[in-house]
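Structure record follows, encoded as structure tokens.
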Amino acid sequence: MTALRAVRGEWTKLRTLPSTGWLLVGVVVGTVALGLAITASLDQRHCAAPCLTDPVKLSLAGVRLGQVAVVILAVLAVTAEYATRTIQPTLAAVPRRALVVLGKAVVLVTLTLAAGALGVAASYAAAGLALDGSGFDVPTWSDRLDQRAAVGTVLYLGLIAAFSAGLGLLLRDTAGAITTGLLVLYGTPVAASLVSDPRWEHRLLRFSPMDAGLSIQATRDFAAEHIGPWAGLGMLSAYAGGALLLGLLVFALRDAR
């Protein structure tokens, strides 16, 4: 019952934040808009043989934009309590800090999965319209690889929420945690593009949380990926789990001021 009370308390706090609804909308709109913009520009007549363009992966490319809203949402859910001093009443109601972190993670991941599922479904629908007459196959829910890409993308967003919440617990500063999260996600691919040695570029992208995690979206040209689809999602899971565990440890050891 204590765990359930912690989840209910976190849900009440999160839904009363004015930014929550807008950020969840941002996850969906960002994911759909960028994916639609990319797929609408595709035309198989302009794709040199052998054409390795992956329309499914491109239709879901908007998650690279939508995840920004996820990072902000998850960090705010943690750090806002320090800014408003409500962390002390929270710990008075639920003294076990592990349950507080569990409640936050459950609520954040659940909301993110719901928004991600809506964004992915809408992205597939938009891609179906955009790719009509382009010569490319449209994403379909009946294809196993297309299903894996869709489900994996939703799971990816949930893991990004957990990772960002962990950063919020670690840093306890909104701007610092958001900046760190975005740098970790987008900085590694930029660094890899500046490396002249292909082996090091491969290693950087293989261990990049964003590139590794989004390998789950590939439905063709698998040789171009730096890590396998589920292994890549496992890599992101390690980042998310590590951030949450470190955040919990720091949260348990320091005061609540």
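The values are calculated or read from the model by the stated rules, or taken from the named source; none is laboratory data. Every value quoted in this text rests on a predicted model; they were computed, and no experiment measured them. We place every Cβ from the backbone using ideal geometry, glycine too, and count neighbours over all the protein chains shown.
List the helices (runs of 4 or more DSSP H) that sit entirely inside the stretch 31-116 and contain at least 2 residues that are buried (at least 16 other Cβ atoms within 10 Å of the Cβ) and not hydrophobic (A, V, I, L, M, F, W, C). Talk me through it step by step, then tell me what you get.
Numbers: elements: 55-59, 63-84, 87-93.
Per the criteria, 55-59, 63-84.
Kindly establish whether residue 133 is out of contact with any Ser or Thr (no Cβ under 6 Å at 6 or more places or on another chain), surrounded by fewer than 16 Cβ atoms within 10 Å (Cβ to Cβ) and more than 14 Å from residue 59 (Cβ to Cβ). Can you show your working first?
Details: out of contact with any Ser or Thr (no Cβ under 6 Å at 6 or more places or on another chain): yes; surrounded by fewer than 16 Cβ atoms within 10 Å (Cβ to Cβ): yes; more than 14 Å from residue 59 (Cβ to Cβ): yes.
So residue 133 fits the description; yes.
Please name all residue pairs, on different chains or six or more residues apart, with Cβ atoms under 6 Å, provided the first residue is in the stretch 21-50 and is farther than 30 Å from residue 72 by Cα and at pLDDT 80 or above and the second residue is of a type in the set (D, E, K, R) and part of a helix (DSSP H, G or I).
Sorted first by the residue in the stretch 21-50, then by its partner, the list stays empty.
Of all residues in the stretch 181-208, how many are touching a residue at least 12 places away in the same chain (Cβ under 8 Å), of a type outside the set (Phe, Trp, Tyr) and not in a helix (DSSP H, G or I)? Before you say what the answer is, go through the steps one by one.
Filtering the stretch 181-208 for residues touching a residue at least 12 places away in the same chain (Cβ under 8 Å) gives 181-182, 184-186, 188-189, 191-192, 202, 204-208.
Filter once more, so that each one left must be of a type outside the set (Phe, Trp, Tyr): 181-182, 184-185, 188-189, 191-192, 202, 204-206, 208.
Narrowing the set further to residues that are not in a helix (DSSP H, G or I) leaves 208.
The qualifying residues number 1.
Can you find, within the stretch 1-28, the residue that is surrounded by the most Cβ atoms within 10 Å (Cβ to Cβ) among those that are farther than 18 Å from residue 165 by Cβ and either under 17 Å from the mean Cα position of the chain (by Cα) or not β-branched (Val, Ile, Thr) (or both)?
This residue is 28.
Is it the case that the stretch 111-134 has a residue that's charged (D, E, K, R) and touching a residue at least 60 places away in the same chain (Cβ under 8 Å)?
no
Out of 157, 167, 171, which single residue is modelled with pLDDT under 95 and either farther than 19 Å from residue 116 by Cβ or buried (at least 24 other Cβ atoms within 10 Å of the Cβ) (or both)? Full working, then the answer.
Working: 157 fails: modelled with pLDDT under 95; 167 fails: modelled with pLDDT under 95.
Testing whether each residue is modelled with pLDDT under 95 and either farther than 19 Å from residue 116 by Cβ or buried (at least 24 other Cβ atoms within 10 Å of the Cβ) (or both) leaves just 171.
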